[in-house]
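Student: The structure under discussion is supplied below as structure tokens; questions concerning it will follow.
The values are calculated or read from the model by the stated rules, or taken from the named source; none is laboratory data. Keep in mind that what you see is a predicted model, and the values were worked out from it rather than measured. Neighbour counts are summed over all protein chains in view; Cβ atoms, including those assigned to glycine, are modelled from backbone coordinates with ideal geometry. Ligands, DNA and RNA are excluded from the accessible area calculation, which covers all protein heavy atoms including side chains. Shrake-Rupley method; radii C 1.70, N 1.55, O 1.52, S 1.80 Å.
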Amino acid sequence: MGPVVGEDGVARCPWGESDPVMRAYHDDEWGRPVRGESAHLERLTLEAFQSGLSWRTILLKRPAFRAAFDGFDADRIAAYDASDVQRLMSDVGIVRNAAKVNAAITNARATVALREHGGLVDLIEAHRPVAWAPPVTTADVQTRTAESLALSKALKKAGFAFVGPTTMHALMEAIGLVDDHLAGCHRSGVGG
């Protein structure tokens, strides 16, 4: 399946035409570069929490995630203790999964430690593909690549958790390292 034309006459990736929440994310955010450590940590964290759930669920809970995780400030999250884990596990506004909550804290601590070696943003950006052609149909969309596997390995080596190659490809799509808007989608080629 290729792009679909919505009621507004605009061609989009099929998932971006499913409802207003997904349309706004597709049109205004997905595939566009983000700036700064906290923005990268937020996307990495949300991609990990999304595993096994719909992205729409995460988008609807994103304001609660931002509040619960102190705006994804790595220093603040890195200082979380058992009482913070308990607070997060009691927060009905977020996804309450102990492994993912603990991974978010682990990843914040790894982010702080990584500053001595260039930082999270530089590590992620170092895995930008040299060349990338937008997929033509949904069947052409990859879910993992050599670059996402390499990023996964680099992050794991730096102490990160819940950063498998499929999740890292989703991160790379979300922040514009790869353009997976289908050819013909109004957003294809616009992001990075």
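Student: State the number of residues belonging to the stretch 181-192 that are open to solvent by 10 Å² or more (accessible area, probe 1.4 Å) and either in contact with a Ser or Thr (Cβ under 9 Å, 6 or more places away or on another chain) or under 16 Å from Ala150 (Cβ atoms) (or both).
Tutor: Looking only at that region, the number is 1.
Student: Keeping to the stretch 110-141, report how many residues are exposed (fewer than 15 other Cβ atoms within 10 Å of the Cβ), out of contact with any Leu (no Cβ under 9 Å at 6 or more places or on another chain) and assigned to a loop (DSSP other than H, G, I, E, B).
Tutor: 4
Student: Identify all residues within the stretch 155-170 that are surrounded by 18 or more Cβ atoms within 10 Å (Cβ to Cβ) and of a type in the set (S, T, N, Q); write none if there are none.
Tutor: Selection gives Thr167 alone.
Student: Additional query: Just for the stretch 163-177: of the residues that are part of a loop (DSSP other than H, G, I, E, B) and touching a Ser or Thr at 6+ places or on another chain (Cβ under 7 Å), which one is farthest from Asn97 (Cα to Cα)?
Tutor: Residue satisfying both the conditions and the ranking: Gly164.
Student: Sort through Val10, Val21, Val4 and tell me the only one that's touching a His at 6+ places or on another chain (Cβ under 6 Å), on the phi < 0 side of the Ramachandran plot and of a type in the set (Val, Ile, Thr).
Tutor: Val10
Student: With Arg23, Arg87 as the choices, which residue is farther than 19 Å from Leu120 by Cβ, assigned to a helix (DSSP H, G or I) and in contact with a strand residue (DSSP E or B) (Cβ under 9 Å, 6 or more places away or on another chain)?
Tutor: It is Arg23.
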